[in-house]
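The values are calculated or read from the model by the stated rules, or taken from the named source; none is laboratory data. Just so it is clear, the model here is predicted, and its values are computed rather than measured. Here the Cβ positions follow ideal geometry from the backbone for every residue, glycine too, while neighbour counts run over all protein chains shown.
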Amino acid sequence: MLLTVILLWALNLSVTKYILEHGLEPLSYATARYALAGAIFVGLTLVAERTLRIERRHSSVLLLAAILLWVNQVCFVLALDATTASTIGLLIGTIPIFAALFGVALGRERLGPRFWAAAALSSVGVSLVAIGSVGHVEGGYGGILLGLVTAATWAAYSVAVTPLMQTYSPSHVSAVVIGGAWVLIALVGLPVTTTQDWDLGWEIWTLLVLATLGPLVLTNILWFRVLHRIGPARATLAANLQPFVAAVLAVVLLSETLGIAQIVGGVLIAVGIVVARRRTTPAQAA
């Protein structure tokens, strides 16, 4: 499940960048994509569970998750519009560090030297993959800051929703959180979407649908299941494979070259994941 998520996320970087370069504004893209995804999750949940009911004790966590996802997606599309997909891949490599810090702060995980060594090794691999792809970080400080906020908010979102998997299904959580995030995205993007030229051609619309069904709908379901099975810190560490997979897809689909730096970076990422396979120690109850 985790490898499927990584593959679709890696592909999503190239697909989204292509869509943004061919006429669709970042906030218009996010608004349309989340409207479709929210409708799909609501339909799936109502068919399978016949309710979208949420217990009152969970409402604040779900509201926080929706806000985090809203910030995450707005920063993601703006960052990808401002800089290269490889640069965003580099910055996304900081997700395990953010996830570990959030998990420790909340008392959910106790991470030893083995994990931190693996995270450092894997982060070096991510840096080599990205630097080998573009030669240097592009996009200015604004794009870099947006990319870092994207990584931090995704890590916080992953940590926040993990406990909810013991009570609700992934589609149920997604229906509520993505629906709430879409309302916020639509409000922020309203000035852009009202002036957007929606005559984009069937190719862009097809890519938009695929970017919704695969990297958003399917990956949300699988990602939640992975978080429940192995925890956010270990899952986000393995997600460091995403930049390397994205580079391979670029070679196959876009005829780009894969240099020695990317290859060495991919090996370091894989070694880091192997080093981190041992379970982290749960925090003792107070």
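Going through Ala105, Ala99, Ala10 one at a time, which residue ends up being of a type in the set (A, V, I, L, M, F, W, C), under 26 Å from Val248 (Cβ atoms) and at pLDDT below 80? That would be Ala99, the only listed residue that is of a type in the set (A, V, I, L, M, F, W, C), under 26 Å from Val248 (Cβ atoms) and at pLDDT below 80.
When Ala37, Ala85 are checked against the criterion of being closer than 18 Å to Ser158 by Cβ, out of contact with any Gly (no Cβ under 8 Å at 6 or more places or on another chain), buried (at least 22 other Cβ atoms within 10 Å of the Cβ) and not polar (S, T, N, Q), a single residue qualifies: Ala37. All told, Gly93 falls short of being at pLDDT below 75, over 19 Å from Ile19 (Cβ atoms) and surrounded by fewer than 22 Cβ atoms within 10 Å (Cβ to Cβ). For region 208-221, indicate whether the set of residues that are of a type outside the set (A, V, I, L, M), touching a Lys or Arg at 6+ places or on another chain (Cβ under 7 Å) and either modelled with pLDDT of 65 or more or under 24 Å from Ala85 (Cα atoms) (or both) is non-empty. Scanning region 208-221 turns up at least one residue that is of a type outside the set (A, V, I, L, M), touching a Lys or Arg at 6+ places or on another chain (Cβ under 7 Å) and either modelled with pLDDT of 65 or more or under 24 Å from Ala85 (Cα atoms) (or both). All of (1) more than 23 Å from His228 (Cβ to Cβ); (2) at pLDDT below 80; (3) touching an Asp or Glu at 6+ places or on another chain (Cβ under 9 Å) hold for Ile88 with one exception: (3).
Looking only at residues of region 116-135 that are over 17 Å from Val245 (Cβ atoms) and either at pLDDT 75 or above or of a type in the set (D, E, K, R) (or both), we find that the one that is nearest to the chain's Cα centre (by Cα) is Ala119.
Tell me yes or no: at least one residue of region 43-57 is surrounded by fewer than 21 Cβ atoms within 10 Å (Cβ to Cβ) and within 19 Å of Ala235 (Cβ to Cβ). No, because not a single residue in region 43-57 is surrounded by fewer than 21 Cβ atoms within 10 Å (Cβ to Cβ) and within 19 Å of Ala235 (Cβ to Cβ).
Rundown of residues vs (1) at pLDDT below 90; (2) of a type in the set (Gly, Ala, Ser); (3) crowded, with 23+ Cβ neighbours inside 10 Å, yes/no style:
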| position | (1), (2), (3) |
| --- | --- |
| Tyr168 | yes, no, no |
| Ala175 | no, yes, yes |
| Ile185 | no, no, yes |
| Val188 | no, no, no |
| Thr195 | no, no, no |
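Residues that are outside any helix (DSSP H, G or I) and in contact with a helix residue (DSSP H, G or I) (Cβ under 6 Å, 6 or more places away or on another chain) within region 24-51 comprise just one, Glu25. Pairing residues of region 243-257 that are exposed (fewer than 13 other Cβ atoms within 10 Å of the Cβ) with residues that are at pLDDT 70 or above and part of a loop (DSSP other than H, G, I, E, B), at Cβ distances under 7 Å and at least 6 apart in sequence or on separate chains, gives no pairs at all.
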